[in-house]
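Right, one structure below, let's go through it.
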Amino acid sequence: MTETSSKHQLESWLDAALVGATLEEVCDDDGDLVGWWAENSECPGASAYGATPDEARDKLREVLAGWVELGQELGHPIPSFREGEIAVTA
């Protein structure tokens, strides 16, 4: 697989992973909105915080890219959001 093909595959996987992500408001003790928490429950340990929903999603995308890379290096299972994408090679 070429580097360009691999990068395109990762970008497609990230797009699909973000569709399944959840965003949750983060409020302070007074109930005032202070930011947003983003995560995809199928990717344990990968989450991000941002001041806006878009910032939280953008940061989660970066976190998930690293999560996939490390998971592949360690031979961990990577969820398939679209059939055949991000194959783990052990």
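Since every read-out is calculated from the coordinates, none of them should be taken as a lab result. Treat the numbers as computed from the prediction; the structure is a model and nothing was measured. Note: ideal-geometry Cβ built from the backbone for every residue, glycine included; neighbour counts use all protein chains shown.
Structure above, values below:
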quantity	calculated
Residues located in the range 6-54, provided they are among the β-branched types (Val, Ile, Thr), outside any strand (DSSP E or B) and farther than 25 Å from residue 71 by Cα	52
Pairs with Cβ under 8 Å, 6+ apart, first in the range 50-69 and over 17 Å from residue 33 (Cβ atoms) and free of Cβ contacts under 8 Å to residues at least 12 places away in the same chain, second surrounded by 12 or more Cβ atoms within 10 Å (Cβ to Cβ) and not aliphatic (A, V, I, L, M)	58/50
